[in-house]
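Single-structure report; data block below.
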């Protein structure tokens, strides 16, 4: 049985949000910085495992999608603040 298509639906949403911010308002120091933000953001969101994002989005109402987008945006902004505040704690 192949499980490689199973993933957390929120992963791509968080990564898309980070890439959008990276190109507009987020000053990125390294890929590690982005990875840290993604991990912190994903840990704030519920796990929603799916096989195909397209199928999940198709069966979602517009209201559900708006709620998810709002929650992702909120989690990413909170994660950026958290990582910015604590990054000096991990510098040698």
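Do me a favour and compute the ellipsoid semi-axes for the stretch 7-90 from its Cα gyration tensor, root of five times each eigenvalue, largest one first, whole Å.
Numbers: eigenvalues 125, 30, 26 Å².
Semi-axis lengths for the stretch 7-90 are 25, 12, 11 Å.
Only helices enter this figure: runs of n ≥ 4 DSSP H residues, each worth -39500 (n - 2.57), summed and divided by the residues of the chain, yield -21000 deg cm²/dmol at 222 nm to the nearest 500.
I'd like the distance separating the alpha-carbon centroids of the stretch 58-80 and the stretch 1-33, in whole Å. What the calculation gives is 14 Å, centre to centre.
Rule-based calculations on the coordinates, nothing more; no lab input. As the structure is a computational prediction, the values presented were derived from the model and not from experiment.
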